[in-house]
Ligand code: UDP
Ligand code: MG
């Protein structure tokens, strides 16, 4: 595998309420790239921030090579990453958070691996010990469930984040995936290609707080599972069959009991308990089916993934034949 000597790099940077971090982060990223990469640019996506992230980006437009996308509202990180990926046209694309949690020092190592022939190099969180046991247990169960389907032919690696470097071929394939409810970690795994993981320990968030809480994580997990696994649906079928078989056996028992010993009428408690249990099970299964239907509903509406209200390009970038280059 030969990689071009003179390659271009796009850094996709999603930003939601990152006014305090963004300028220093771009400065640090620029400093780490400027001596080693011939051609690079930052694709910054402002995901409907409610602080002054927008102004912060506009203030540094002249200083750095930036392609700025401003969303019309908050669409979520998956949409922000997708927008950045859609714009990326360079030989290599890097996805990196703007809160200093993804170490810029690793980029050089990622690029070396790309040069040696890997198409996708992703960071894996090496140490989750600082997280609460609920989050760790939840994450483990999630990956076990999502990867339980052996017919999927691919596995979604556990603890892999969005911090990754991708060859143009991977990026072009990602652009062709049209689904609306996006679980990016699953899509990266779905596309395949020659991939390698490198462990890293995420730094503390420089300023501000994480946008992901238990509720948003659960919602993301539900999107992930309904997009990449049909096991919950099969489970409802399986459970239904078991319960039906048990019911037939129980019915046979009642019938023979009545025929042999007459009908002594007791058993209302069995009825009441059975009714309660099975209504619960039915509602649960309907809920699972509902999750999948809502996924179908989202898809058939065919709404765009995000709306870009405004775009700006640094004067340092000139558009040549549809490809961005840093002006000499
Ligand atoms: N982010 C975004 N849109 C959102 C939430 C987050 O673009 O709705 C960005 C955020 O600015 C950051 C990255 O996604 O660059 C990761 O977000 P965060 O730090 O809140 O998540 P965590 O690191 O805790 O997973
Ligand atoms: Mg973060």
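Kindly indicate the residue of region 1-16 that is in a strand (DSSP E or B) and closer than 15 Å to residue 108 by Cα and also farthest from ligand 1 (Cβ to nearest atom) among those meeting that condition. Write out each step before concluding.
Pass one, region 1-16, residues in a strand (DSSP E or B): 8-15.
Keeping just the survivors that are closer than 15 Å to residue 108 by Cα gives 8-11.
On the way: 8: 23, 9: 18, 10: 16, 11: 12 Å.
Here the answer is 8.
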List, please: which pairs have Cβ atoms under 7 Å, are six or more places apart or on different chains, and start with a residue in region 245-266 that is over 16 Å from residue 278 (Cα atoms) and end with one that is exposed (fewer than 10 other Cβ atoms within 10 Å of the Cβ) and modelled with pLDDT of 85 or more?
none
Sole exception among (1) at positive phi; (2) assigned to a helix (DSSP H, G or I) for residue 28, by number:
(1)
Does region 58-67 hold any residues that are closer than 16 Å to residue 310 by Cβ and either modelled with pLDDT of 95 or more or part of a loop (DSSP other than H, G, I, E, B) (or both), and which are they?
61
Regarding residue 180, is this residue over 21 Å from residue 18 (Cβ atoms), more than 15 Å from ligand 2 (Cβ to nearest atom) and either touching a helix residue (DSSP H, G or I) at 6+ places or on another chain (Cβ under 8 Å) or at pLDDT 80 or above (or both)?
yes
Which of the residues that make up region 82-109 are more than 15 Å from residue 122 (Cα to Cα) and away from ligand 2 (no atom under 13 Å from the Cβ)?
82, 83, 84, 85, 86, 87, 88, 89, 90, 91
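May I ask you to say which residue of 227, 236 is under 19 Å from the mean Cα position of the chain (by Cα), in contact (Cβ under 8 Å) with a residue 24 or more places away in the chain, surrounded by 13 or more Cβ atoms within 10 Å (Cβ to Cβ) and assigned to a helix (DSSP H, G or I)? Quick ask: steps written out before the conclusion?
Details: 236 fails: under 19 Å from the mean Cα position of the chain (by Cα).
Testing whether each residue is under 19 Å from the mean Cα position of the chain (by Cα), in contact (Cβ under 8 Å) with a residue 24 or more places away in the chain, surrounded by 13 or more Cβ atoms within 10 Å (Cβ to Cβ) and assigned to a helix (DSSP H, G or I) leaves just 227.
The values are calculated or read from the model by the stated rules, or taken from the named source; none is laboratory data. What you see is a predicted model, and the numbers here were worked out from it, not measured in a lab. Cβ coordinates were reconstructed from backbone atoms using ideal geometry, including for glycine residues, and neighbour counts include every protein chain displayed.
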